[in-house]
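Written out below as structure tokens is the structure these notes cover.
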Amino acid sequence: MSFVYKADPVRGREWASLFARHAPDIPFHIWPETGPREEVRYLAAWMPPDDILKTFPNLEILISVGAGIDQFDLSALPEHLPVVRMTEPGIAESMAEYVTMAVLSLHRDLPVYINQQRQKVWREIRVTSAARRKVGVLGLGMLGLAVLQQLRPFGFPLAAWSRSGGQVDGVDTFAGPGMLSAFLARTDILVCLLPLTDATRGILSHDLFAQLPHGAALVNVGRGAHLVEQDLLRALEEGQLSAAVLDVCEAEPLPLDHPFWDHPQILLTPHIASMTRPETAVDVVLDNIRRHAAGEALIGLVDRTRGY
Ligand code: NDP
Ligand code: OXD
């Protein structure tokens, strides 16, 4: 019974020493080293190998090293193989920090001041109170919830949109396509924390931007393919959007000739909003291995019909 890790090898070595300490009975390998392939029961990967069951015929759990699983082609994975996404608490903590930074930057006009500094312009913009800046989060899952909790003390009116809605203290919740327009109409800063599925691909489009108040701002920390990039450029040019903070792009790394690099209303980061932390990830993975052995439900099990 062994474990293979197939992602960033530097973090893989940290996983290896944590496994050696906490689960010395489970042989741990960092891809491309696998040990005897028929002994591999658990695979943690960003991208699994092609033809996964030919590579590991006795695999029992496929674990995503990230919270998102859109990089997996679920249709190519055997039906019986449970796919588990990463739910370690460090991801939510870092995401809450990043989105708070992005929302505060947009709220306090940082993109404008960065450009003014470059041009040696000393010009003030009147401060708007947080109580008058409505923040809306697309997605009310592990990360959407963590972000809303972190934002609450600032006093922004908060809302979230998801498939099934739900109740969260201090947050107006909206459910399903029928309530999307009402959610957008009350949102000055829109944060995308949806998983990428057939239902959400391209959701950040001209049509959606047109339903936000004029001059609204965007934070995309979901996936690059949520955003129709040309529609963002157009919305910024027309003033429908005032600024955007983007952590994810359709092509990563962003091509050198891409217009986002130099755009004065876009703040860009290289997909770093959050990162899985080995020290807490290994605890969650070992707990799932124990649950699997005991026949208990796995934490973070992906629902293949929903795609997340
Ligand atoms: P969860 O699965 O916990 O939550 C997803 C949320 O999105 C749920 O509230 C779900 O609704 C909602 N949702 C899904 N599909 C739809 C839809 N069609 N319409 C409306 N709502 C929908 O995911 P996480 O919060 O853990 O992660 C979200 C995403 O964040 C990841 O999939 C990944 O793409 C991205 N991410 C980005 C990182 C970065 O560094 N930039 C790091 C980590 C994650 P319901 O509650 O009803 O199921
Ligand atoms: C993730 C990511 O999904 O880092 O965890 O994007």
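We did not get these values from a lab; they are worked out from the coordinates using the rules stated. The structure presented is a predicted model; accordingly, all values stated were derived computationally and were not measured. Glycine also receives a Cβ, built like all others from the backbone with ideal geometry; neighbour counts cover every protein chain displayed.
Before rounding to the nearest 500, sum -39500 (n - 2.57) across all DSSP H runs of length at least 4 in the chain and divide by the residue total; then give [θ] at 222 nm in deg cm²/dmol. After summing the helix terms and dividing by residue count, I get -9000 deg cm²/dmol.
Among 40, 191, the ranking by other beta carbons within 10 Å of each residue's beta carbon, starting with the fewest, stands as 40, 191. Across the chain, C-alpha contacts under 8 Å between residues 6 or more apart give a mean separation that, scaled by the residue count, equals a relative contact order of 17 percent. Note on the chain: percent of Cα-Cα distances in each 20 Å bin, starting at 0 and stopping at the bin with the largest distance, equals 31, 52, 17, 0. Sorting 33, 88, 60 from the fewest to the most surrounding beta carbons within 10 angstrom yields 33, 60, 88. Charging the Cβ of each Asp and Glu at -1 and of each Lys and Arg at +1, and nothing else, the dipole of segment 1-148 about its Cα centre rounds to 1180 debye. Projecting the Cα positions of 176, 115, 302 onto the charge dipole of the chain (unit charges on Cβ atoms of Lys, Arg, Asp and Glu, taken about the Cα centre) puts 115 furthest along the positive direction.
When the inverse distances between all different Cα atoms of segment 99-150 are averaged and flipped, the Kirkwood radius reads 12.8 angstrom. Here the 3J(HN,Hα) profile of segment 201-218, calculated from phi with Karplus coefficients 6.51, -1.76 and 1.60 at θ = phi - 60°, is 4, x, 5, 7, 10, 3, 4, 5, 4, 5, 8, 7, x, 4, x, 5, 10, 10 Hz, Gly and Pro shown as x. Charged side chains reduced to their Cβ positions (Lys and Arg at +1, Asp and Glu at -1) give the chain a dipole of some 860 debye around its Cα centre. The listed peptides 260-267, 137-144, ordered by packing as a protection proxy, come out as 137-144, 260-267 (highest mean of other Cβ atoms within 10 Å first). Binning the alpha carbon pair distances of segment 1-157 at 5 angstrom intervals from zero yields the distribution 2, 8, 13, 15, 12, 10, 9, 8, 8, 7, 5, 3, 1, 0, expressed in whole percent. Per-residue 3J(HN,Hα) values for segment 223-229, derived from phi via the Karplus relation 6.51 cos²θ - 1.76 cosθ + 1.60 with θ = phi - 60°, read 9, x, 6, 5, 9, 8, 4 Hz in sequence order (x marks Gly and Pro).
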